[in-house]
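In what follows, a structure is listed as structure tokens, so that the remarks can point back to it.
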Amino acid sequence: MLVCAEAAEDLARLEEIVRAAPRLRMVGSHLGFAGIEDRAGNAQAAVLLAQAGFDSENDAPWVAAEHTGPTVLLVAEDDFAAALAAMRGDESEIRGVLPESASDLEIIAAIEGVAAGLLVIHPDVAGYVEPTTPVANDAAFQALSPREGEILNLLAAGLANKEIAWQLKISEHTVKFHVASLFHKLNASTRAEAVAIGARQGLILY
């Protein structure tokens, strides 16, 4: 196990949980997410246990999604939908999503499930799974989150990621994540295609 968190008190809690579990062995811990890809590769951990926020200014969600190996992610309720969207990404290595309030036993069970090759979604998080909405001519269309809707409209206005980040007061990495998520939901491969599909579905507010 490799554990990682943005705050020292959160990291200490994760370390304590792993150390107390007889079937788990911690090979390292990391405060913050800078350099976590290298640390994960060097530690050769079977699972990364991470507590992260999706609107922070670091790379936590994308590291967990793409570069660290099978990951169990603990997130706040406001980030449930974003974490599930990241979990669905083609390159995602997120295999479990739990609330920050998950019990020690729930966290240990999730780690063991992910280590066994399972996908784990906590019951509190499962309610945020967005159903696929069948729409004529766009069978893969899924409902966008409010933030994704905002970003789609800003894409339609011709704004670049950096400009969107400035306007919404979020990081450029967060914008990239939401753009990738709305591409997936709209079954689009370019910005122009996403805007065209969004316009057909009445998602663009002119």
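The values are calculated or read from the model by the stated rules, or taken from the named source; none is laboratory data. These figures come from a predicted structure and were not determined experimentally. Cβ sites come from the backbone with ideal geometry, for glycine too, and all protein chains shown count toward neighbours.
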- request: Examine the stretch 34-47 for a residue that is surrounded by 15 or more Cβ atoms within 10 Å (Cβ to Cβ), modelled with pLDDT under 85, out of contact with any Ser or Thr (no Cβ under 9 Å at 6 or more places or on another chain) and not aliphatic (A, V, I, L, M), and state whether such a residue exists.
  value: no
field: Residues satisfying the stated conditions in the stretch 143-172, i.e. in contact with an Asp or Glu (Cβ under 6 Å, 6 or more places away or on another chain) and not basic (Lys, Arg)
entry: Ala143, Asn161, Ala165, Ile170, Ser171
- prompt: Among the residues of the stretch 167-175, is any at pLDDT 85 or above, exposed (fewer than 14 other Cβ atoms within 10 Å of the Cβ) and part of a loop (DSSP other than H, G, I, E, B)?
  reply: yes
- prompt: Only one residue in Leu154, Leu144 is at pLDDT 85 or above and either part of a loop (DSSP other than H, G, I, E, B) or surrounded by 14 or more Cβ atoms within 10 Å (Cβ to Cβ) (or both), so which one is that?
  reply: Leu154
message: Take the residues in the stretch 66-99 that are more than 19 Å from Glu148 (Cα to Cα) and among the charged types (D, E, K, R); name whichever of them is modelled with the lowest pLDDT.
response: Glu66
message: Where the second residue is of a type in the set (Val, Ile, Thr) and outside any loop (DSSP other than H, G, I, E, B) and the first is outside the structural domain of Val72 (by TED's automatic domain parsing) and lies in the stretch 15-26, which pairs have Cβ atoms under 7 Å and are six or more apart or on separate chains?
response: none
